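Note sheet for the following structure.
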Amino acid sequence: MSATGKPGGHTLSDSTEEIKKKSPAKKAKPAAKKKKAVKSKKSGKEKSGKIILVESPTKVNTIKKFVAGKYKVLATKGHIFDLPKTKLGVDVENDFTPTYIVMKDKKKILKEIKEETKNAAEIYLATDPDREGEAICWHVANEILRVQKEPGSQKIVRVTFNEITKSAVLNALDNPREININLVNAQQARRVLDRLVGYRLSPLLWKVLRKGLSAGRVQSVALKLIVDRQVEIDAFNPVEYWSVKGLFEKLNAGKFEAKLTEKNGEKIDLKAEPDSAVVVAELQNQQYTVSDVVKKERRRKQYPPFITSTLQQDAAKRFRFTAQKTMMLAQQLYEGVEIKGEGHVGLITYMRTDSLRVSAEAQQEAMKYIGENLGAEYVPAEPNFYKSKKSSQDAHEAIRPSSAYRNLGAIKDSLDPDQFKIYSIIWKRFMASQSVPAVFDDTRVKIAAGPYTLQANGSIKKFDGFMKLYDEEPKEQEGGEQDSNDGSQEQALLPELNTGDALNLLELMPEQHFTQPPPYFTDASLVKALEEKDIGRPSTYAPIISTLVYRKYVDRDRGKFMPTELGTLVSGILSKNFPTIINEEFTAKMEGDLDRVEEGSVEWKTLLKGFFANLTELIAAAEPHMDEMKRELEGNIEEKCEKCGSRMIIKWGRFGKFLSCEKYPECKNAKPMEGMEREQEKIEGSCPDCSSPLLLKRGPYGAFIACSRYPECKYTKQHIIKAGVPCPECGGDIIERTFKMTRKFYGCSNYPKCKFMVWDKPIDEKCPKCAAPFLLEKWRKNNVTVYCRQCDYKYDKETVSNE
């Protein structure tokens, strides 16, 4: 039965007035004395007990320890109510009213919550401190109020904490507040916007390509960034250029290198080897004299503490972690880990944030630690403050350790290696942000050689400052985007040089170079681009990337994102027909509008009306062209169907392009396109039958290795894809297999001797609850659940639904 008394849906009122009637309206004051149990006027029965509702089961164990049996702690395990999956769920004719239903896998949880809360005097809603958490509270509060037999008999309040420590949790319980309806409306607006885009645009893709494809308000813009970058790379033409370095020596003072920079006071440009050869010949006959020496002290400022995007970038560069893995590990650290001698402890503050704000208490504790352990010279005279970007929501602090004194040595033995990697960079970065600048002595030397000028640079670290705590931000791993040199690293030492010193030339070293194309996006650089362009918010960066990979719109090849042919087609169709929606500026503006809904300055349904009117107009203009686009993609194939004589056309399936009879479904003839077999790439080795090169191909039964001379040579063998974790029964490799052509499963490589198998993908993550060696990852349409097969531990990974 719905909240409105009608079966089939839970339609909650969203007007501010009605919500205030149904939601807790009065701000609860901290109790100075122990309150009496609430007594029902009708029944005379007393309600007693206090319940805290959190999102994650992991938090339950952490918070239970803090409240010492005074509260019962339950978990919602994420959202309980959502829009239905099988229909739009938004009444666009009736003021965009959403219809919420209980999620299929959450009915048991909701039943338990209602049973536990029906006799509770006080209910504290303590889900995550963001829009999604606020919406979960609002839905649960409305459901509890709906089934109350005596309205007003329970105190239902909202509490939030930025870190899961005893002081933070108890302080939150002493200072409850109302549910923030503006936060709820911002979440509803985002959810409805994404549903409207997904349900209206995706069918257009189905008409042109195939069913099952999706379009999204944010997802499609991120895909466009990757596709546009690929277009730039493909169009790039490398340009040759040359440089010349000289190796010099000052008598009794050592050797050093200098680079040719100018001729006759202008920047030198050597385009080809003949240009370089002429210059080298002229330099051979010159006298070399130091013409200028500049020495100065440079202060290298410390980095600010991490926000979501910079944490994901740093982890990707240092450890090659995906954004999704980084957030999963950070979530574990935030929710609490068993620490030797302390029990279950939340190690970091909330990890979805775009604010650089830090509490005064945390600053003072960090400065005290630095003074005690490094010395007074490493402590700033005043606390360091960092300015957040203009579009920052500033809802939470920056990411920091919950205690500066919980240093790396104290917790290393309690964390698994990946957890420790993430905690270590968070702790180091925060502590360094509260320290002082590093100091360098920089030297720049110019060398005159007739009409030519060469330059050498040197740098000596004079005082390490914050760098004693946090080493330099790493460059992108090989194959990714390189950070520009910010001059913070020490450069080559130079001998003591003075103006007028004569130098001996030992060697001239010309070198050929080519200009480089724009780099492929990686996890780090894509997150950076999304943040800089205000596409999405901290909570959506990782899900956006995961969705693009899962939909097979992009491939992640050695850390680089490359659009697939399918992704390129999808992006092209959407960009051509919806240029005012699938673009960076519109998406950034929409994120700003959602922020204003959260602030209360924009009414959420007014925002939806304006957007939907524009969307409807664009769809009406695009629909007539879909058949034409489909014909273009089908191609002008001269081949005839050998079964019925009709024309063969190009179609798209799960494995890419194929040829199909245009009379389908009357004629079901289909076959691979000649020269366009399923994905294939050259691999090392040669065919044992004919010595031709081997190819890695993908067919309906999975990946396999085949001879490149097929069909003349029919050599094939299975390609083994390892899951990366050992078999728990015999120690063999768990490998990917295919069942009945389409469904994957994972089994032991020692089959049939070992018959271990699982349907879901094993991932190399140890269970934090029972220490099982690996977890399993279950993918559904718009949801990914990670769970343990040995205990009841599980959590939902972040995914983007039609976003």
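The values are calculated or read from the model by the stated rules, or taken from the named source; none is laboratory data. Fair warning: this is a prediction, and the values are worked out from it, not measured in the lab. Every residue, glycine among them, receives a Cβ derived from its backbone with ideal geometry; neighbour counts consider all protein chains shown. Areas reflect the complete protein model, heavy atoms only, side chains present, ligands, DNA and RNA absent. Shrake-Rupley method; radii C 1.70, N 1.55, O 1.52, S 1.80 Å.
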Please determine, by comparing only the residues of segment 188-246 that are in contact with an Asp or Glu (Cβ under 7 Å, 6 or more places away or on another chain), part of a loop (DSSP other than H, G, I, E, B) and of a type outside the set (A, V, I, L, M, F, W, C), which one is surrounded by the most Cβ atoms within 10 Å (Cβ to Cβ).
-> ARG217
Lone unmet requirement of (1) touching a residue at least 12 places away in the same chain (Cβ under 8 Å); (2) over 26 Å from the mean Cα position of the chain (by Cα); (3) assigned by the TED database to the domain that holds ALA410 for VAL294 | (3)
When segment 249-299 is examined, which residues are found to be in contact with a helix residue (DSSP H, G or I) (Cβ under 9 Å, 6 or more places away or on another chain) and of a type in the set (Asp, Glu)?
-> ASP269
Hey, LYS70 modelled with pLDDT of 90 or more, under 32 Å from the mean Cα position of the chain (by Cα) and open to solvent by 40 Å² or more (accessible area, probe 1.4 Å) or not = no
Residue check, THR564 against (1) over 21 Å from the mean Cα position of the chain (by Cα); (2) within 18 Å of SER214 (Cα to Cα), all met but one. Which one?
-> (1)
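Go through segment 157-167 residue by residue and tally those that are open to solvent by 10 Å² or more (accessible area, probe 1.4 Å) and either in a strand (DSSP E or B) or more than 13 Å from GLU335 (Cα to Cα) (or both).
To start, the set of residues in segment 157-167 that are open to solvent by 10 Å² or more (accessible area, probe 1.4 Å) comprises 160-163, 165-167.
From what's left, either in a strand (DSSP E or B) or more than 13 Å from GLU335 (Cα to Cα) (or both): 160, 163, 167.
Counting residues in segment 157-167 that are open to solvent by 10 Å² or more (accessible area, probe 1.4 Å) and either in a strand (DSSP E or B) or more than 13 Å from GLU335 (Cα to Cα) (or both) gives 3.
With the requirement that a residue be polar (S, T, N, Q) and out of contact with any His (no Cβ under 8 Å at 6 or more places or on another chain), what does segment 123-170 give you? Step through it out loud before you land on a result.
Restricting attention to segment 123-170, the residues satisfying the condition of being polar (S, T, N, Q) are 127, 142, 148, 153-154, 160, 162, 165, 167.
Scanning segment 123-170 gives THR127, ASN142, GLN148, SER153, GLN154, THR160, THR165, SER167.
On the given criteria, is GLN154 under 30 Å from ASN61 (Cβ atoms), crowded, with 17+ Cβ neighbours inside 10 Å and modelled with pLDDT under 90? Quick ask: steps written out before the conclusion?
Numbers: under 30 Å from ASN61 (Cβ atoms): yes; crowded, with 17+ Cβ neighbours inside 10 Å: yes; modelled with pLDDT under 90: yes.
So GLN154 fits the description; yes.
Limited to segment 173-187, what total is found for residues that are touching a Ser or Thr at 6+ places or on another chain (Cβ under 6 Å) and part of a helix (DSSP H, G or I)?
So the first thing to find is which residues in segment 173-187 are touching a Ser or Thr at 6+ places or on another chain (Cβ under 6 Å), and the list is 179, 181.
When the remaining residues are screened for being part of a helix (DSSP H, G or I), the result is 181.
Residues in segment 173-187 being touching a Ser or Thr at 6+ places or on another chain (Cβ under 6 Å) and part of a helix (DSSP H, G or I): 1 in total.
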Checked ALA120, ALA141 against criteria (hydrophobic (A, V, I, L, M, F, W, C), part of a helix (DSSP H, G or I) and modelled with pLDDT of 90 or more); the one match is ALA141
Counting only residues that are crowded, with 16+ Cβ neighbours inside 10 Å and aliphatic (A, V, I, L, M), which one in segment 764-796 is modelled with the lowest pLDDT?
-> VAL784
Sort out which residues of segment 129-151 are under 22 Å from ASN162 (Cβ atoms), of a type in the set (Asp, Glu) and open to solvent by 10 Å² or more (accessible area, probe 1.4 Å), and write them in order of number.
-> ASP130, GLU132
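Here's the yes/no breakdown for (1) at pLDDT 90 or above; (2) closer than 30 Å to VAL279 by Cα; (3) in contact with a Cys (Cβ under 7 Å, 6 or more places away or on another chain); (4) among the basic types (Lys, Arg):
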{"residue": "ASN504", "(1), (2), (3), (4)": "yes, yes, no, no"}
{"residue": "PRO510", "(1), (2), (3), (4)": "yes, yes, no, no"}
{"residue": "GLN516", "(1), (2), (3), (4)": "yes, yes, no, no"}
{"residue": "ALA542", "(1), (2), (3), (4)": "no, no, no, no"}
{"residue": "ILE545", "(1), (2), (3), (4)": "yes, no, no, no"}
{"residue": "ASP557", "(1), (2), (3), (4)": "no, no, no, no"}
{"residue": "THR564", "(1), (2), (3), (4)": "no, no, no, no"}
{"residue": "PHE586", "(1), (2), (3), (4)": "no, no, no, no"}
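Of all residues being over 16 Å from LEU356 (Cα atoms) and of a type in the set (Ser, Thr, Tyr) in segment 427-453, which is farthest from the chain's Cα centre (by Cα)? Just the residue, please.
To start, the set of residues in segment 427-453 that are over 16 Å from LEU356 (Cα atoms) comprises 436-453.
Imposing the further condition that a residue be of a type in the set (Ser, Thr, Tyr) reduces the set to 443, 452-453.
Numbers: THR443: 41, TYR452: 49, THR453: 47 Å.
Going through the qualifying residues, I end up with TYR452.
Do we find a residue being modelled with pLDDT under 95, closer than 22 Å to ILE763 by Cβ and in contact with an Asp or Glu (Cβ under 9 Å, 6 or more places away or on another chain) anywhere in segment 350-359? Outline the logic, then answer.
Step one: list which residues in segment 350-359 are modelled with pLDDT under 95, which gives 350-359.
Still in the list and also closer than 22 Å to ILE763 by Cβ: 351-352.
Next, from what is left, pick out any that are in contact with an Asp or Glu (Cβ under 9 Å, 6 or more places away or on another chain): 352.
Within segment 350-359 (the criterion being modelled with pLDDT under 95, closer than 22 Å to ILE763 by Cβ and in contact with an Asp or Glu (Cβ under 9 Å, 6 or more places away or on another chain)), the answer is yes, since at least one residue qualifies.
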Would a scan of segment 262-281 turn up a residue that is over 30 Å from GLU591 (Cβ atoms), open to solvent by less than 40 Å² (accessible area, probe 1.4 Å) and in contact with a His (Cβ under 8 Å, 6 or more places away or on another chain)?
-> no
Going by the structure shown, is LYS87 open to solvent by 10 Å² or more (accessible area, probe 1.4 Å) and either touching a helix residue (DSSP H, G or I) at 6+ places or on another chain (Cβ under 8 Å) or at pLDDT below 95 (or both)?
-> yes
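Condition test on LEU173, is it crowded, with 19+ Cβ neighbours inside 10 Å, in contact with a helix residue (DSSP H, G or I) (Cβ under 7 Å, 6 or more places away or on another chain) and aliphatic (A, V, I, L, M)?
Details: crowded, with 19+ Cβ neighbours inside 10 Å: yes; in contact with a helix residue (DSSP H, G or I) (Cβ under 7 Å, 6 or more places away or on another chain): no; aliphatic (A, V, I, L, M): yes.
For LEU173, the condition - crowded, with 19+ Cβ neighbours inside 10 Å, in contact with a helix residue (DSSP H, G or I) (Cβ under 7 Å, 6 or more places away or on another chain) and aliphatic (A, V, I, L, M) - is not met.
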Determine whether segment 444-454 contains at least one residue that is polar (S, T, N, Q), modelled with pLDDT of 95 or more and open to solvent by 20 Å² or more (accessible area, probe 1.4 Å).
-> yes
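Quick check on GLU122: is it outside the structural domain of THR353 (by the TED database), more than 26 Å from LYS794 (Cβ to Cβ) and buried (at least 21 other Cβ atoms within 10 Å of the Cβ)?
Working: outside the structural domain of THR353 (by the TED database): yes; more than 26 Å from LYS794 (Cβ to Cβ): yes; buried (at least 21 other Cβ atoms within 10 Å of the Cβ): yes.
Spelling it out, GLU122 is indeed outside the structural domain of THR353 (by the TED database), more than 26 Å from LYS794 (Cβ to Cβ) and buried (at least 21 other Cβ atoms within 10 Å of the Cβ).
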In segment 611-656, how many residues are part of a helix (DSSP H, G or I), under 30 Å from the mean Cα position of the chain (by Cα) and not polar (S, T, N, Q)?
-> 3
Hits in segment 78-87 - residues which are on the phi < 0 side of the Ramachandran plot and under 27 Å from the mean Cα position of the chain (by Cα) = HIS79, ILE80, PHE81, ASP82, LEU83, PRO84, LYS85
Return the only residue of SER243, SER276, SER220 being within 30 Å of MET562 (Cβ to Cβ) and either small (Gly, Ala, Ser) or more than 44 Å from the chain's Cα centre (by Cα) (or both).
-> SER220
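The rows are residues; the columns are (1) within 13 Å of THR310 (Cα to Cα); (2) open to solvent by 40 Å² or more (accessible area, probe 1.4 Å); (3) assigned to a helix (DSSP H, G or I).
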position	(1), (2), (3)
ILE535	no, no, no
PRO538	yes, no, no
ALA542	yes, no, yes
LYS552	no, yes, no
ARG556	no, yes, no
MET562	no, yes, no
LEU566	no, no, yes
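Every residue, every condition in (1) within 30 Å of LYS533 (Cβ to Cβ); (2) in a helix (DSSP H, G or I); (3) open to solvent by less than 30 Å² (accessible area, probe 1.4 Å), yes or no:
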| residue | (1), (2), (3) |
| --- | --- |
| GLU382 | no, no, no |
| TYR386 | yes, no, no |
| GLU397 | yes, no, yes |
| SER403 | no, no, yes |
| ARG406 | no, no, no |
| GLY409 | no, yes, no |
| LYS412 | no, yes, no |
| LYS421 | yes, yes, no |
| ILE426 | yes, yes, yes |
Within segment 502-533, residues charged (D, E, K, R) and open to solvent by 40 Å² or more (accessible area, probe 1.4 Å) come out as GLU507, GLU511, LYS528, GLU532, LYS533
